[in-house]
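Data block below; observations after.
The values are calculated or read from the model by the stated rules, or taken from the named source; none is laboratory data. What you see is a predicted model, and the numbers here were worked out from it, not measured in a lab. Cβ atoms come from the backbone with ideal geometry, glycine included; neighbour counts cover every protein chain shown.
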Amino acid sequence: MIERFPGRPEISDEVAEGFDRINREIIQLFAMVGEGLAGSTHALLAGDREAARILVDSDELIDELYREVEELAQRQLAQRTTGPEELRYLVVVLRMLPELERSGDLAEHVARRALRGLGVELSPRARGLVEQMGEIACEMWRKTADAFADLSLGVHDHVEALDDELDELHVLLTAEIASGSMALPVAIEAALVARFYERLGDHAVNLAKRILVLAGRTAGTGWG
């Protein structure tokens, strides 16, 4: 774990441990969402309903961890010894948390479609496009998670480029759905899955922007 506040040697061990715990648990949230996304995509395409059921049930663990980190951050905000840099950091973290929680929900939504056996009912072209969307979304999440852990400056542009690719695939999948190659109920569910992946990409982009702020690239006081 990198040092988040190198210019603040006066931070107490207790406060430092609180921030370290927040960092560790946010990294864990990133990992859980990424694993859920990859697993849901696999379950959907493989028709693995048992794996899908496990993934649906595991979303509650993400929600619990989200609430725990939120409480930790709010507790740190209330500390009188919390300085300006730590306050800014906590504000950004609290803005990141809903993005992570919502992304966990979206991965769970994909798993629910896998649980219903949607993957085997998709047209071959739709399956291929869903597979590509899943691969790109997973790559975006991996890179964003690594950037948070390292406070890397270089991830945002790459994630933006991947999001453009994801948007293009969303358009292609929408066209395939509109072609009438699938039964109407399947087409409706496929359109929802396409939207879930597109939104997951948007959340990754938003998180990458927050990480730029944490890494100090944003000028002045633009912490939002």
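If you check every pair at least six apart or on different chains, which have Cβ atoms under 7 Å apart with a residue in the range 170-190 that is among the charged types (D, E, K, R) first and a residue that is in a helix (DSSP H, G or I) second?
The qualifying pairs are E176/R125; E176/A126; E176/L129; E189/R113.
Go through the range 139-157 and count every residue that is surrounded by fewer than 17 Cβ atoms within 10 Å (Cβ to Cβ) and touching a Ser or Thr at 6+ places or on another chain (Cβ under 8 Å).
1
Tally time: how many residues in the range 39-59 are of a type outside the set (A, V, I, L, M, F, W, C), modelled with pLDDT of 95 or more and either in contact with a Pro (Cβ under 7 Å, 6 or more places away or on another chain) or part of a helix (DSSP H, G or I) (or both)?
7
Among what's in the range 64-113 and is of a type in the set (K, R) and touching a Gly at 6+ places or on another chain (Cβ under 9 Å), pick the residue that is nearest to A43 (Cα to Cα). Working first, answer last.
Residues of the range 64-113 of a type in the set (K, R): 67, 75, 80, 88, 95, 102, 112-113.
With the extra rule that they be touching a Gly at 6+ places or on another chain (Cβ under 9 Å), the set shrinks to 75, 95, 113.
Numbers: R75: 38, R95: 31, R113: 9 Å.
Selected residue: R113.
Return the total of residues in the range 169-192 being acidic (D, E) and loosely packed, with under 14 Cβ neighbours inside 10 Å. If you could, list the steps in order and put the result at the bottom.
Step one: of the range 169-192, the residues acidic (D, E) are 176, 189.
In the following step, the residues that additionally are loosely packed, with under 14 Cβ neighbours inside 10 Å were identified as none.
Of the residues in that region, 0 qualify.
Those residues that are within 18 Å of the chain's Cα centre (by Cα) and hydrophobic (A, V, I, L, M, F, W, C), I need them from the range 95-134; list them, please.
Those that are within 18 Å of the chain's Cα centre (by Cα) and hydrophobic (A, V, I, L, M, F, W, C): M96, L97, L100, L106, A107, V110, A111, V130, M133.
From the list G224, G216, exactly one residue is within 17 Å of L100 (Cα to Cα), modelled with pLDDT under 95 and outside any helix (DSSP H, G or I). Which is it?
Numbers: G216 fails: within 17 Å of L100 (Cα to Cα).
On inspection, the qualifying residue turns out to be G224.
Look through V120, V130, V110 and report the one residue that is surrounded by fewer than 23 Cβ atoms within 10 Å (Cβ to Cβ) and under 15 Å from E189 (Cβ atoms).
Working: V130 fails: surrounded by fewer than 23 Cβ atoms within 10 Å (Cβ to Cβ); V110 fails: surrounded by fewer than 23 Cβ atoms within 10 Å (Cβ to Cβ).
Just a single option satisfies the conditions, and that option is V120.
Within the range 193-212, identify whether any single residue is more than 17 Å from the chain's Cα centre (by Cα), surrounded by fewer than 23 Cβ atoms within 10 Å (Cβ to Cβ) and within 24 Å of E101 (Cα to Cα), and answer yes or no.
no
Would you mind finding the one in L97, L87 that is at pLDDT 95 or above, out of contact with any Leu (no Cβ under 6 Å at 6 or more places or on another chain) and not β-branched (V, I, T)? Let's see the steps before the verdict.
Working: L87 fails: at pLDDT 95 or above.
Just a single option satisfies the conditions, and that option is L97.
Under 6 Å between Cβ atoms, which residue pairs at least 6 apart in sequence (or on different chains) link something in the range 111-125 that is under 10 Å from A52 (Cβ atoms) with a partner that is basic (K, R)?
L115/R49; L115/R53
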